[in-house]
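See below for the structure under consideration.
The values are calculated or read from the model by the stated rules, or taken from the named source; none is laboratory data. A quick note: this is a predicted structure, and the numbers were derived from the prediction, not measured. Cβ: placed from backbone, ideal geometry, glycine included. Neighbour counts: every protein chain shown.
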Amino acid sequence: MVPKTSNSSDPPVTTLAGGEEIVSWRLGRIIPMPERVPDGWTLCPILDVAKLESGHTPSRKKPEYWEGDIPWVSLHDSKNLERANIAKTAQTIGPLGLANSSARMLPEGTVVFSRTATVGKATVMARSMSTSQDFANYVCGPRLNNTFLVQLFRHLAPEWRRLMAGSTHKTIYMPVFRELQLLLPPLPEQRKIAAILTAVDETIEKTEAVIAQLGVVKKAMMQELLTRGLPGRHTRFKKTELGEVPEEWEVRSLDELATVQTGVAKGKPAADDALEVPYLRVANVQDGYLDLTQLKTIQVPKQALTRYALQEGDVLFTEGGDADKLGRGCVWLGKVTPCLHQNHVFAVRTERNRLLPQFLSYFGSSPRGKAYFLGASKQTTNLASINSTQLKALPIPLPTVEEQRTIVAHLRRVEDRFTAERNVQHQLRATKSALMSVLLTGELRVTPDEDAA
């Protein structure tokens with residue numbers, strides 16, 4: 001971009017390579033920002049092509065305001081905002097609620113955008129609805145395709161993060177939505193771009209459904225195999241602190257079968273002989289697998305390698321935090337050497353002639369393992385954590401090593417399919433991100449369908 005010379009009394013302007021001028025203070029509102037305006041595209045304020053509407057919450061003190069079947073989009077519908085459209089809402093209001101508040105009915109096809117808490121989620125209304133004040137809503141005119149706008153909004157996650165304000169609850173204030181400008185392709189091209197990106201979304205959703213179903217199957221198999229053993233092998237059962245288990249099985253505490261190692265604390269001054277070494281954080285340790293996409297490093301003295309270095313076969317468990325982070329576990333396969341773990345991640349080294357690492361990992365992820373972690377944890381508002389003493393006391397059902405090995409093989413087959421589908425999901429998301437970058441900026445042009453011209 002080349003700044004244009006202007007009189008001191010004029011608003012500051014910047015000239016794009018394509019020749020179009022915009023007021024400089026609005027530069028950050030033009031998203032995406034290619035080096036030039038693509039041929040045939042126009043730069044325009046969003047309010048030239050869509051009508052902005054807000055929402056409202058009827059008084060909670062008036063039950064009669066909530067007696068009705070008018071769909072009312074709220075933050076409870078966050079998950080549905082990730083879909084192609086929203087047809088049903090978690091809460092509804094009645095005619096009195098609509099009449100006695102600033103809430104209004106918006107037409108089918110309106111783009112609804114979450115501007116508070118779950119900032120950046122957007123979808124299209126599949127029917128006439130109202131919304132809370134947590135949303136900015138656009139009724140698109142004849143020059144703007146609503147699905148194109150949704151895809152554009154989803155692509156702008158970095159910009160929404162930049163524009164968020166507030167400490168407790170992040171929000172984007174309504175003036176931002178009035179000032180937005182768009183680089184807008186012709187309508188047939190908008191439709192084609194939207195169709196391409198929506199097709200990828202649909203494939204991602206199908207993959208997510210397969211992953212969810214495999215999760216259900218895996219959970220059911222763990223419940224059965226880790227409590228009753230291999231099908232047909234056991235006929236007599238006994239009651240234990242874990243519930244019923246085969247009569248031949250033992251129940252032992254984890255500290256009888258393994259050593260529990262705490263991790264390195266971050267923030268300590270580096271020694272003169274410090275080394276920079278990769279280390280695992282809570283974010284890296286997921287249930288059943290490691291996420292090494294953001295593997296960070298830490299400076300530690302050489303002797304820390306002896307104490308904190310992971311060995312292949314160590315079972316990792318997370319200390320906690322949010323409820324979903326409590327007791328997540330997986331087996332370290334030694335993909336990075338050397339590698340340490342932070343003090344919020346425990347490393348458990350089993351006696352493998354008695355307890356197989358993968359069997360322990362599966363048990364920790366099973367309904368019984370999760371129930372123990374939750375019951376033993378120290379809990380505060382929305383947070384839960386366990387310490388090493390509580391982890392050492394984890395009761396473990398103990399089949400023979402041979403039966404453990406067979407149980408692990410059964411569960412691994414499901415997990416391998418789960419991993420394959422998750423890899424497909426990651427690849428699809430990467431493809432979608434790459435397509436957005438080139439399609440929504442005009443870097444890659446598409447030929448509209450003949451019937452859309």
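Determine whether LEU391 is surrounded by 21 or more Cβ atoms within 10 Å (Cβ to Cβ), under 26 Å from TRP249 (Cβ atoms) and in contact with a strand residue (DSSP E or B) (Cβ under 8 Å, 6 or more places away or on another chain). For LEU391, the condition - surrounded by 21 or more Cβ atoms within 10 Å (Cβ to Cβ), under 26 Å from TRP249 (Cβ atoms) and in contact with a strand residue (DSSP E or B) (Cβ under 8 Å, 6 or more places away or on another chain) - is met.
For PRO34, are the conditions met, namely being in contact with a helix residue (DSSP H, G or I) (Cβ under 8 Å, 6 or more places away or on another chain), closer than 23 Å to THR441 by Cα and at pLDDT 50 or above? The answer is no for PRO34.
Just to be sure before I move on: is GLU312 touching a Leu at 6+ places or on another chain (Cβ under 9 Å) and either surrounded by fewer than 16 Cβ atoms within 10 Å (Cβ to Cβ) or hydroxyl-bearing (Ser, Thr, Tyr) (or both) in the structure I sent? Yes; evaluated as a whole, the condition is true for this residue.
Each residue in the range 243-256 was checked for being surrounded by fewer than 18 Cβ atoms within 10 Å (Cβ to Cβ) and assigned to a loop (DSSP other than H, G, I, E, B), and 2 of them qualify.
Contact list please: Cβ distance under 9 Å, first residue in the range 223-248 and in contact (Cβ under 8 Å) with a residue 40 or more places away in the chain, second residue exposed (fewer than 11 other Cβ atoms within 10 Å of the Cβ), pairs at least six apart or on different chains. Between residues of the range 223-248 that are in contact (Cβ under 8 Å) with a residue 40 or more places away in the chain and residues that are exposed (fewer than 11 other Cβ atoms within 10 Å of the Cβ), the close pairs are LEU225/PRO231; VAL245/LYS239; PRO246/THR235; PRO246/ARG236; GLU248/ARG236.
Applying the criterion of being charged (D, E, K, R) and in contact with a strand residue (DSSP E or B) (Cβ under 9 Å, 6 or more places away or on another chain) to the residues of the range 315-329, the residue that is surrounded by the fewest Cβ atoms within 10 Å (Cβ to Cβ) is ASP322.
If only residues of the range 356-379 that are surrounded by fewer than 22 Cβ atoms within 10 Å (Cβ to Cβ) and of a type in the set (A, V, I, L, M, F, W, C) are counted, the one that is farthest from LEU394 (Cα to Cα) is LEU356.
Does VAL408 count as of a type in the set (A, V, I, L, M) and outside the structural domain of VAL277 (by TED's automatic domain parsing)? Yes; evaluated as a whole, the condition is true for this residue.
In the range 353-453, counting only strands (runs of 3 or more DSSP E) that sit wholly within it, the ones holding 1 or more residues that are within 21 Å of the chain's Cα centre (by Cα) span 383-385. Determine if the range 95-111 includes at least one residue that is part of a strand (DSSP E or B), in contact (Cβ under 8 Å) with a residue 60 or more places away in the chain and under 27 Å from PRO158 (Cβ atoms). Checked the range 95-111: at least one residue is part of a strand (DSSP E or B), in contact (Cβ under 8 Å) with a residue 60 or more places away in the chain and under 27 Å from PRO158 (Cβ atoms). The residues in the range 167-199 that are more than 26 Å from VAL37 (Cα to Cα) and within 22 Å of the chain's Cα centre (by Cα) can be counted, and the count is 7. Cβ separations smaller than 8 Å between residues 6+ apart or across chains give the following pairs from the range 121-138 residues that are under 14 Å from PRO107 (Cα atoms) to residues that are basic (Lys, Arg) and part of a strand (DSSP E or B): TYR138/LYS51.
Looking across the range 226-242, the residues that are within 37 Å of the chain's Cα centre (by Cα) and either surrounded by fewer than 12 Cβ atoms within 10 Å (Cβ to Cβ) or of a type in the set (Val, Ile, Thr) (or both) come down to THR227, PRO231, GLU241.
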